[in-house]
1. I need the trypsin sites (Lys or Arg not before Pro) found in segment B:185-236, filtered to DSSP loop residues with at most 15 other beta carbons within 10 Å of theirs.
2. Based on Cα positions only, what radius of gyration and what Dmax would you give for segment B:137-262, in angstroms?
3. Take the Cα gyration tensor of segment A:40-258, multiply each eigenvalue by 5, square-root it, and list the three semi-axes largest first, rounded to whole angstrom.
4. For segment A:117-214, with the dipole built from +1 on Lys and Arg beta-carbon atoms and -1 on Asp and Glu ones, taken about the Cα centre, which of A:L126, A:T174, A:F197 lies farthest toward the positive end?
5. Which order results if A:L77, B:L50, A:L18 are arranged by neighbouring Cβ count within 10 Å, fewest first?
6. Mind checking which of B:A228, B:A179, B:A64 has the largest fluctuation in a GNM of chain B, springs on alpha carbons under 10 Å?
7. Top mean-square fluctuation among A:A16, A:A138, A:A51, Gaussian network model of chain A, C-alpha springs under 10 Å?
8. Over all directions, what mean area does the Cα convex hull of chain B project, stated in square nanometres?
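We did not get these values from a lab; they are worked out from the coordinates using the rules stated. Since the model is a prediction, treat every value here as computed from it, not as a measurement. All Cβ positions, even for glycine, are placed from backbone atoms using ideal geometry, and neighbour counts span all protein chains on display.
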Amino acid sequence: MARRWSGVPLWVYVPATLGALFVVLPLVAMATRVDWARFGALVTSPASLDALGLSLRTSLASTLLCLVLGVPMALVLARTAFPGQRVVRALVLLPLVLPPVVGGIALLYTFGRRGLLGHALEVLGLQVAFSTTAVVLAQTFVSLPFLVVSLEGTLRAVGQRYETVAATLGAGPTLVLRRVTLPLVLPGLLSGSVLAFARALGEFGATLTFAGSLQGVTRTLPLEIYLQRETDASTAVALSLLLVAVAVGVVGLAAGRTGRVL
Amino acid sequence: MRPRSRVAPALASTALLALVAACGATPGASGPTSSSAGTQTLTVFAAASLKQTFTTLGTTFEAAHPGTTVTFSFAGSSDLVTQLQQGAPADVFASADTKNMQKAVDDQLVAGSPVDFATNTLEIAVPPDNPAGVTSFADLTRPGVKVVLCAPQVPCGAAAQTIEKATNTTLEPVSEENAVTDVLGKVTSGEADAGLVYVTDVKGAGDQVKGIPFAESKQAVNTYPVAALSGSRQGELAGQFVRLVTGTEGQKVLADAGFGPA
C-alpha cells in the first residue's frame, strides 16, 4: 500500500508519543506488580466475584437507563430549538466536569432518606439508601452525559435530509425516528452506550458517598479495590488489572462492531 | 455543529483547569525543606482523626519556633504508611493504630522508637433525633435498625469486630465504609440510624450527632503512636514536635478533644 501523505509535521510525533506513554506506562507498571502466581485465586475469591458481578449488573442496568433517558434528551437537544437550550445543555452535561463525590452528595440530598424526594419514596415503600438501586442511580447520573454528547454529535453529523424525505413520503414522526433516524445514528448510539457503560464501570466517588459499601449489595469493583488496598495490595492490583481488562474488552468489542474506536 | 464546537473547547479547558488546580493541591508536594533564610518547613503525616488536635498543636509549634511552618497531610493511617513506603517526604508520622506504625518501623522509616501518645475508643453515634431509639450496644442488633460500620480492613472496623467477638454479638450493617468519616457522614445525613465511630469523632461533630457511650467499647482500645522519621533532614525539629505531642501541652489538647491517655 502506498504511503499516504499525512500532513503531520514530524515534531508532532514527539509529544504524541510522550502522551501515549503517559497513558500506557502506568498500566504497564501496574501489570508488573501483579502476583501472577496467585492472580487466579485473588480475582476469584467470593468478595472479588461478588464485586465483579455487581459491577457488571449495575453498569448494564445504568446503561439501559441512560438509553431510555438519554436518546430522547439527545433528540431534543439536536433537533429542536427552544429558549434557554444552551443553558439546558450545559446543565445536563454538568456531571462530566463535576467531581463524582459532589454528584454523590447531590444525589443523597435528592433520593436520600431526608432528601427532596426521600419522603415521597418512603411513602411509596421505596428505600433507595444503601441499596443496589442507589448504585445504579449514581452510575446513571455520571454516565448519562457521555451518551447524550456522543449521540447528539452523531445526530447533527448525519443531518435531516433522509428524515425530511421520509416525512414528505407520508411517514409520521415516530415512524421516521424508528425507521430512519435511529438506524442512521446506530454507530453513534453504540459508541455512546459503550462510553456510558465504561464510565459506570469505573464509577467510584458518587457510589461511595451515596450508596455505601456492602459486599454483594453496593460494593462494586472500584469500591472493592479501594477497600482491599487498605490491607492487601496484591488483591487490589489484581482486581485493578481485571477492571482494566473488562474495560478494554468492552471498548474493543464495540470497536470491532462499528469498525471504529468510539 | 456550531454550538457543539463551542462546548468542546470549553469542556477541555475546564478539565485542564481542574487538573492544574488538583496538581497544586497535592499535599507535601514541596516536601520538607530547610532553606537558607532561617525559615523551615516541618511536614507531619497524621491520621485523619487527629486533624483538629494536630492543627491546633501545629499553630502552637509555629509560635514557639519562629520561622518554622508546619504542614500536615491528614489521611487514613494505612494510606500514609503506603505513601511513606513509596518515598513521600515527611518528618513526623502519627498513626491511629500500632499496626500501621509497625509497618513503618519494619521498613526502617522511623528514627528511634515510636511513642504512644493517646487512645481512642468507639462510641455509638446517632442522628440528633435518634429515629431508631438506640440506647445501648444491644439495640444495634435489633432488626430494622440501619447500622453503618467501618470495614474490618480499617482500624475502626477492626475495633468494632473485636467488640462483636468479645460480646458474642453479630451486627448486620447496611454498609461497611472505608473511613470513620464516611460512617459519620452517613449518620449526620440521617441515612443511617446509628454508626460506630470514635469518641473524638462524636465530640468533633458537635450537635450534628448524639453520642451514646457503651461499656462494651472497653474491649477495643486504639492506641496512637507518633515518631520522628529517619528520612527527615531536620531530626532535631521533628523530635521537638514529637515532644510537644507527648508533653503536657499536647496531652491537654488531646484530652479536650476526647482522646484518652496512652
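1. B:R233
2. My reading of the Cα-based Rg and Dmax gives 17.1, 55 Å.
3. Semi-axes (√(5λ), whole Å): 35, 22, 14.
4. The Cα lying farthest towards the positive end belongs to A:T174.
5. Numbers: A:L77 24, B:L50 27, A:L18 9.
With the sparsest Cβ surroundings first, the list reads A:L18, A:L77, B:L50.
6. Its mean-square fluctuation being the largest, the pick is B:A64.
7. The residue that fluctuates most here is A:A16.
8. Working: hull surface 74.1 nm².
Average of the hull's projected areas for chain B equals 18.5 nm².
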